[in-house]
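See structure below.
Just so you know, all these numbers are worked out from the coordinates, no wet-lab data involved. Since this is a predicted model, take the numbers as computed values, not measurements. Here the Cβ is made from the backbone with ideal geometry for all residues, glycine too, and neighbour counts use every protein chain on show.
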Amino acid sequence: MYFDNHKNFAQARINPDLFWEYDLNRFDFLKEISVVVQRVIERGASDDFYAMFNLYGVEGVIETIKKIPSFSQRDMEFINNVLCIPYYDLAAYQNMTKYPHQWPHQGVPIRL
C-alpha cells in the first residue's frame, strides 16, 4: 500500500477545511469515522491520508472504506490501485453493479 509509511508522519493533521459544513467544536472524529474516511478519499491531500491512517489505523480505514455505500468510479480506481483493496470488496462497487442506471459513466475508462 502506498501509505505504509504513515507512522513517519505523526505530525500530519487532517485539514479542517474538508469538513466545512460541520461545527468542528462538536465534531467527534472517532465516532464519525465514515464521514472522515470518505471525505479524505474524495478530497484529501497526502497529509490528510497520513493523519487518517495514524488516527484510525490501517485496518480501521480499510474496513470503513469497504462499508461506505457510495464512491465515484474515480475514487474506486484510487482505492483499488493505491490502497490495494479489490473492487469486489467495496460496498460502493457492489451497489454500482447492482444499480448500473445510477452510474452514467460506467464502463468509461478513467484516466488518472
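What to note about this one:
- Partners of residue 31 within straight-line reach, counting aspartates and glutamates whose Cα lies under 20 Å from its Cα and excluding those fewer than 8 residues away in the same chain: 17, 21, 23, 42, 48, 59, 63.
- Over the chain, the hull volume per residue, using the convex hull of the C-alpha atoms, is 112 Å³.
- Degrees, to the nearest 10: 33-43 long Cα axis against longest axis of the chain: 70 degrees
- Acute angle (nearest 10 degrees) that the helix 73-82 long axis makes with the longest principal axis of the chain, alpha-carbon atoms: 60 degrees
- In nm, spacing of pseudo-spin labels at residue 58 and residue 24 (7 Å Cα→C-beta vector): 2.8 nm
- Each of 13, 39 was scored by other Cβ atoms within 10 Å of its Cβ. Listed from fewest to most, they are 13, 39.
- Using alpha-carbon coordinates, inclination of helix 46-67 to the longest axis of the chain, degrees: 50 degrees
- Rough spin-label spacing in nm, given labels placed 7 Å along Cα→Cβ, for residue 82 and residue 46: 1.1 nm
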